[in-house]
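Since every read-out is calculated from the coordinates, none of them should be taken as a lab result. On a predicted model such as this, the values are computed, not experimentally measured, just so you know. Positions of Cβ are generated from backbone atoms using ideal geometry, with glycine treated the same way; all protein chains shown enter the neighbour counts.
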Amino acid sequence: MEQSTAVVFFTGFQLRDIWYLAEAAGRTLLISIISITVGSILGCVFGWMLYSSKWLGAMTLGLVLDAFRSVPLIIQLILFFNFFPIIGVPLDPFTAGTFVLTIYTAALVANVVRGGIEAVGIPMRRSSRSLGMSYWQDMRYVVWPIGLRAVFPAWVGVALGVMKDSSLVSVLGYVELLRASQILITRTQEPFIVLAVAGAFYFALSYPLSKFSARLEGKWQS
Amino acid sequence: MIEVKNIHKNFGDLHVLKGIDLTVKKGEVVCVIGASGSGKSTLLYCINGLEKIQKGEVFVNGVSVHAKGTDINKLRQNLGMVFQQWNSFPHLTALENVALSPRIVKKMSKKEANETAKKQLIHVGLEDKLNVYPSALSGGQQQRLAIARALAMDPEYMLFDEATSALDPELVGEVLDTMRLLAKEGMTMICVTHEMSFARDVSDRVAYFHEGVMEEIGPPEQIFGKNPKSENTKKFLTNIR
Ligand SMILES: Nc1ncnc2c1ncn2[C@@H]1O[C@H](COP(=O)(O)OP(=O)(O)O)[C@@H](O)[C@H]1O
Ligand SMILES: [Mg+2]
């Protein structure tokens with residue numbers, strides 16, 4: 001009985017639905033790439049500021065970033081989406097979602113970056129300065145490569161998390177992968193197959209990053 | 001010439017250097033001895049500007065280290081420093097470790113920087129480790145790498161801050177030998193050290209530091225002889241024997 005019912009509904013899920021999901025996965029990818037890229041660049045700047053100034057870390061910037069890290073993303077999304085029209089700049093779901101996700105990523109990456117700079121340590125940096133390197137040469141040629149290796153796995157964790165968290169942008173009505181799945185489930189009444197396909201897409205999106213990072217770490221080890 | 005003139009250094013309320021005067025001429029080797037916490041490392045940091053001073057002045061070849069307009073990065077190229085911890089750059093091979101500063105600071109071509117690096121690695125006896133990463137080197141080898149790295153900037157002066165203190169006993173000798181070699185070649189050196197026989201052998205003068213004051217400075221025969229001028233020097237040397 002069960003079996004035959006499933007088969008009947010399975011016909012609801014068609015090949016073009018896969019294409020529909022693929023397009024949505026493309027939107028998830030787009031929103032993730034923008035947020036992770038811009039968020040990581042901002043995160044580097046913020047992380048450096050946190051490291052450089054105890055005052056900034058304890059007050060202002062540190063507090064703001066802490067807020068972004070600790071308030072659930074879904075609340076941030078809804079708040080900002082409703083806040084922008086109030087200040088006279090109504091944003092579409094994509095822009096608002098990407099904006100919030102970018103700041104959220106920056107807040108997470110800032111902490112990772114600060115940890116990376118700290119991991120290099122004062123004695124190492126005194127060594128490079130004693131060789132005549134300027135502050136920025138030390139940053140570029142010593143702190144960056146050493147710190148990056150130290151916190152790269154943590155950064156990959158953030159990036160993969162952000163890719164998954166981008167599904168929350170669906171609450172703004174943006175049709176990314178998760179939202180598209182929900183729409184399909186409603187239509188086909190076939191949650192298992194739809195979610196399995198959506199899950200496969202999420203996997204396909206994150207796998208290259210995991211693979212690439214494992215490769216890179218392997219190279220650094222040797 | 002390095003001239004340290006009446007420098008004072010505070011860390012908050014802690015008065016670490018209490019008016020130090022020291023002149024080191026070209027070609028001279030001065031060893032600095034004294035109990036831990038007496039301010040020896042701080043003196044070296046004040047000489048190459050890694051620490052600010054509260055009073056006094058330091059001149060290197062007549063240039064004031066702590067003056068506003070001084071190009072400290074340029075000045076430091078002339079003052080190699082070797083630390084207790086060798087701080088090899090872990091992501092670079094031995095050759096790259098040494099070639100990095102000549103390339104980015106002195107703007108040498110890659111080829112020129114590599115040649116300089118190779119020359120200095122041969123100098124410290126690491127010619128068979130050029131393409132090895134620091135993780136595969138012993139502490140003694142890494143410390144010699146650090147010496148080569150400093151020498152690659154072609155400094156007139158070398159500052160050593162307990163270069164052998166963090167090493168396993170069996171590795172101390174190779175580093176001291178390298179330092180002896182430099183002294184013999186005429187390098188001007190200030191060496192903070194706990195290796196008394198090394199200090200006795202290579203020094204033109206030995207300085208004894210006691211609680212932020214240079215209690216006594218003189219030729220090794222004076223300091224290590226029967227009757228150093230300061231009672232504290234005598235006590236220190238008796239205690240560590
Ligand atoms: N960055 C610092 N901040 C505060 N105190 C310091 C710092 N560096 C050194 N000191 C203190 O200054 C004193 C002298 O230190 P140091 O020059 O390292 O002595 P030494 O090298 O003779 O063992 C010590 O009491 C040490 O605790
Ligand atoms: Mg010391």
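Defining a contact as two alpha carbons under 8 Å apart and six or more residues distant in sequence, what relative contact order in percent does chain B show? Once divided by the residue count of chain B, the mean separation gives 25 percent. Against the longest alpha carbon principal axis of chain A, how many degrees, from 0 to 90 and to the nearest 10, is the axis of helix A:144-165 turned? Approximately 20 degrees, to the nearest ten. Given H placed 1.01 Å from N in the peptide plane, which residues other than close sequence neighbours of B:F160 have an amide H under 5 Å from its amide H? Here the answer is B:V82, B:I190, B:C191, B:V192, since their amide H atoms fall under 5 Å of that of B:F160. The trypsin sites (Lys or Arg not before Pro) of the range B:25-95 that DSSP puts in a loop, and whose beta carbon has at most 16 other beta carbons within 10 Å, are B:K25, B:K26, B:K52, B:K68.
Amide H to amide H distances under 5 Å link B:V16 with B:K9, B:N10, B:F11, where only residues 5 or more positions off or on other chains count and H is placed in the peptide plane. Among the GluC sites (Glu not before Pro) in the range B:182-241, those placed in a DSSP loop whose Cβ has at most 10 other Cβ atoms within 10 Å are B:E185. Relative to one another, the C-alpha centroids of the range B:50-111 and the range A:100-162 are positioned 22 Å apart. Under the criterion of Cα pairs below 8 Å and six or more residues apart, the relative contact order for chain A equals 31 percent. Treating each Cα of the range A:113-222 as one equal point scatterer and applying the Debye formula with no solvent, the log10 of I(q)/I(0) at q = 0.18 Å⁻¹ comes out as -0.91. Dividing the summed helix terms, -39500 (n - 2.57) for each DSSP H run of n ≥ 4, by the number of residues in chain A produces a 222 nm estimate of -27500 deg cm²/dmol to the nearest 500. Counting Lys and Arg as +1 and Asp and Glu as -1, what is the net charge of the other residues whose Cβ lies under 15 Å from the Cβ of A:M124? Here the count lands on +3. Applying D = kT/(6 pi eta Rh) to the protein assembly as shown, where Rh is the Kirkwood radius over alpha-carbon pairs, T corresponds to 20 °C and eta to 1.002 mPa s, the Stokes-Einstein value obtained is 82 µm²/s.
Between A:F83, A:F99, A:F68, find the one with the highest GNM mean-square fluctuation for chain A; connect C-alpha pairs within less than 10 Å. Result: A:F83 has the largest fluctuation of those listed. Proximity of backbone amide H atoms, modeled 1.01 Å from N, is registered between A:Q189 and no other residue at under 5 Å, excluding neighbours fewer than 5 places apart on the same chain. Taking B:Q54, B:Q120, B:Q143 in turn, the Gaussian network model of chain B (Cα-Cα springs below 10 Å) assigns the largest fluctuation to B:Q54. Running a GNM on chain B with Cα contacts under 10 Å, which residue among B:G34, B:G56, B:G140 ends up with the highest mean-square fluctuation? Fluctuation is largest for B:G56. Listed by chain and number, the aspartates and glutamates whose C-alpha is less than 19 Å from the C-alpha of B:K106, apart from same-chain residues fewer than 8 away, are A:D138, B:D71, B:E96, B:E115, B:D154, B:E156.
How much of the calculated P(r) for the range B:9-100 lies past 17 Å, in percent of all Cα pairs? When all Cα pairs of the range B:9-100 are counted, 59 percent exceed 17 Å.
Overall size of the range A:30-168 from C-alpha positions, given as principal axis extents largest first: 54, 29, 22 Å. Rounded to the nearest 500, the helix-only mean residue ellipticity at 222 nm of chain B stands at -11000 deg cm²/dmol, with each DSSP H run of n ≥ 4 adding -39,500 (n - 2.57).
The spread of Cα positions in chain B, taken along each principal axis and listed from longest to shortest, comes to 53, 45, 32 Å. Between the range A:18-77 and the range B:154-229, the alpha-carbon centres lie 53 Å apart. The orientation-averaged shadow of the Cα convex hull for the range B:114-241, equal to a quarter of the hull surface, comes to 8.7 nm². Using a cutoff of 8 angstrom between alpha carbon atoms and counting only pairs six or more residues apart, the relative contact order for the range B:136-241 works out to 19 percent. Each listed q (0.17, 0.21 Å⁻¹) maps to a log10 I(q)/I(0) for the range B:169-218 from the Debye sum over equal C-alpha point scatterers, namely -0.56, -0.80.
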